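Here is the structure we will look at, set down as structure tokens.
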Amino acid sequence: MGIEGHRHADDAVVPTNDTGRGRDLFISHSSADAAVAQDLRAAFEAAGYTCWMAPEDIKGPKTWAEQILEAIVGCSVLVLVLSSATNASAHVSREVELAFSKGKPVLPIRVEEVKPTGTLQYLLALIQYVDAFPPPLDSHRDRVFGSLAAALDRPADPRAVVPPPLWHARHVRTAAAIAVVASISLVIALGLLSSGGGPGLALPSARAVTAGIVPSPTASAGESGQVTGSLPLTFPPAPPWTLSAAPRAGADGARMQDVASSADGFLAVGSDEYRGSRVGAAWTSEDGFKWSEHVISDSAAMTKVFVGEQRAVALTDDRIWVTSDGIDWSPVGPGPGPGPRFVDIVATGADSNGPAFVLIGQASAASSDAVVWTSDDGVNWQAAPTQPSLEQFCPVALASAAQGLAAIGTDCRAGQIHPVIAVSQDGERWTRAQSQSSFGDQADLRAISAGGPGFIMAGRRTAGDRVGEAIWTSADGLSWVVVGSFRPPGATEAIKSIAAFAGGYIAVGLRDPGTSNVPNAWTSPDGTAWRRANIPPDPGFRGTNAQSLEAVAARGGTIVGVGWYADDEAGGWPLVWTAQGLQP
């Protein structure tokens with residue numbers, strides 16, 4: 001609560017056991033505003049709300065910092081007494097930031113004519129505050145209690161007049177609402193997101209991972225900035241597809257790089273701008289349409305994600321992160337080995353006799369050999385033995401099917417564009433596939449998934465003067481057959497991701513990569529006959545027009561593709577393509 005005059009050192013022990021868990025309100029204030037904070041507390045408690053504030057509620061054997069953290073975690077709303085003294089308080093700023101990182105609504109109550117400055121200006125940039133000045137406080141009672149009731153979604157004072165719901169900030173930047181009008185011009189308007197925000201990904205409970213999940217009041221480790229609400233950007237649909245933009249935290253734009261599904265929804269990862277740096281970000285959705293963003297401020301950009309039985313695991317280029325809900329993320333070490341380069345990860349499924357997760361990459365960015373790591377829980381990882389089948393292998397993707405594991409990539413030697421495939425039953429021992437006539441003169445393998453007789457794979461195939469995207473299938477990962485190809489006249493295609501869904505298969509990527517960068521999708525009922533999906537057209541953004549459709553995942557009959565666009569003027573947005581009832 002920002003009572004600087006009463007702060008104890010973080011290692012000081014103060015006498016109670018009452019941590020404040022379960023209180024309705026955490027009242028954050030500067031020591032200069034102690035009297036008005038006490039008046040507010042008295043009014044709130046008289047109306048039936050329970051409150052926690054320092055120094056009155058600091059007791060027990062735990063440190064001051066521990067009790068403040070527990071009280072913020074346990075409260076329903078953080079009430080901020082906003083004044084010029086508050087603006088100068090580093091402790092208050094830290095408490096507000098902690099509240100945001102834990103998904104708590106924040107209600108700023110101004111007690112003097114002042115606007116937030118410094119860190120609070122950044123944190124509260126677009127949050128609605130309530131005026132409670134000039135004195136007396138009781139003359140502002142209806143307005144204050146009405147806003148508080150809306151934040152809590154349960155009126156406690158019969159005299160309260162409930163205004164429209166407050167913007168529920170889960171770290172919070174209001175996502176700009178953008179719509180494409182008939183003239184294809186881009187209209188940007190700031191709007192408030194709905195109260196309550198979006199949920200995290202409801203995964204089964206997992207064994208606690210201590211590193212970084214609960215930040216200390218003085219560190220940023222593990223904090224997650226979160227943006228929630230309905231999708232702000234929607235283009236004219238191309239049934240059954242809807243193209244929308246997910247929330248972003250930074251003005252310089254965010255990028256979704258990968259997406260995975262579970263029984264409970266979808267989890268996407270990528271990056272966003274946060275406090276001037278490019279950091280990791282995750283987005284969660286129950287239905288594929290409404291998304292919440294969770295910024296992982298001490299992570300680099302996330303590139304891959306997979307949801308296992310008890311937790312999800314995501315990768316940066318050189319680090320592994322785990323979560324049980326898609327919101328709180330924890331690093332599980334700097335990565336196995338010195339300076340590893342992680343490429344892809346899969347969960348092997350409950351029926352597998354092998355490890356729960358398998359990860360492929362290289363020992364370093366300069367290495368020419370693949371390395372495989374395995375884990376039974378996503379937290380503790382072991383490197384598989386080095387073996388000839390993984391030498392001179394630059395992996396690009398990994399898949400798990402009932403038949404086992406298959407990794408694809410290229411020969412690492414300079415000047416080589418030869419495909420490499422390795423398969424394994426347990427993630428430990430790998431067998432290299434022999435050269436395949438189905439690869440033609442050369443093949444650039446890019447995506448692989450479980451499907452068809454075992455595996456289905458996509459990439460670029462060159463055979464004589466014919467160059468185009470191709471689809472292969474295999475029953476065992478060792479012998480491959482070309483089952484489909486497409487090469488539209490006057491255009492090039494680039495498949496980036498492929499997945500099975502209830503009605504067949506879907507592949508996503510780009511048309512004319514490097515030039516017009518038009519997002520594309522293709523569907524097939526059986527993996528052999530493919531046609532272009534009727535996804536929403538290029539929205540014609542101004543500026544660089546850099547766009548990408550990076551990855552796809554399916555859950556039942558719902559398909560979600562994720563990517564991004566970069567715009568010189570709007571800064572860019574993470575994009576989501578969603579379809580239900582798609583007929584391949």
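Read-outs: derived from the displayed coordinates by stated rules, not from any lab. Since this is a predicted model, take the numbers as computed values, not measurements. Here the Cβ positions follow ideal geometry from the backbone for every residue, glycine too, while neighbour counts run over all protein chains shown.
Before moving on, here are some points about what is shown:
- Ranking of TYR122, TYR129 by count of other Cβ atoms within 10 Å, fewest first: TYR122, TYR129
- Proximal lysines relative to LYS59, as straight alpha-carbon distance under 26 Å, when same-chain residues fewer than 8 apart are discounted: LYS102, LYS104
- Pairs of Cα atoms farther than 22 Å apart, the range 4-152, %: 35 percent
- Cβ crowding within 10 Å ranks HIS140, HIS91, HIS294, HIS418 as HIS418, HIS140, HIS91, HIS294, fewest other Cβ atoms first.
- The range 54-108: C-alpha gyration tensor shape, a/c 1.5 cut-off, then a/b vs b/c: oblate
- Each of VAL552, VAL379 has some number of other Cβ atoms within 10 Å of its Cβ, and from fewest to most they run VAL379, VAL552.
- A cut-off of 5 Å between modelled amide H atoms, ignoring neighbours fewer than 5 places along the same chain, links TYR274 with VAL279.
- Among 32-39, 467-474, the peptide with the highest mean count of other Cβ atoms within 10 Å heads the list, and the full ranking is 467-474, 32-39.
- The listed peptides 45-56, 318-329, 494-505, ordered by packing as a protection proxy, come out as 318-329, 494-505, 45-56 (highest mean of other Cβ atoms within 10 Å first).
- Taking amide H atoms as placed 1.01 Å from N in the peptide plane, the amide H of LEU575 lies under 5 Å from those of ALA246, MET256, GLY563, TRP564, TYR565, each 5 or more residues away in sequence or on another chain.
- Couplings 3J(HN,Hα) of the range 522-529, computed from phi: 9, 10, 8, x, 9, x, 10, 9 Hz, in residue order, whole Hz [Karplus 6.51 cos²θ - 1.76 cosθ + 1.60, θ = phi - 60°; x for Gly and Pro].
- Our compactness index for the range 243-386, the C-alpha radius of gyration over the empirical 2.2 N^0.38 Å, is 1.04.
- Listed by chain and number, the lysines whose C-alpha is less than 17 Å from the C-alpha of LYS496, apart from same-chain residues fewer than 8 away, are LYS304.
- Cut-off under 5 Å, modelled amide H: who pairs with ARG110 long-range: LEU82, VAL130, ASP131, ALA132
- Listed peptides 361-367, 62-68, 454-460 by packing density, highest first (mean Cβ within 10 Å): 454-460, 62-68, 361-367
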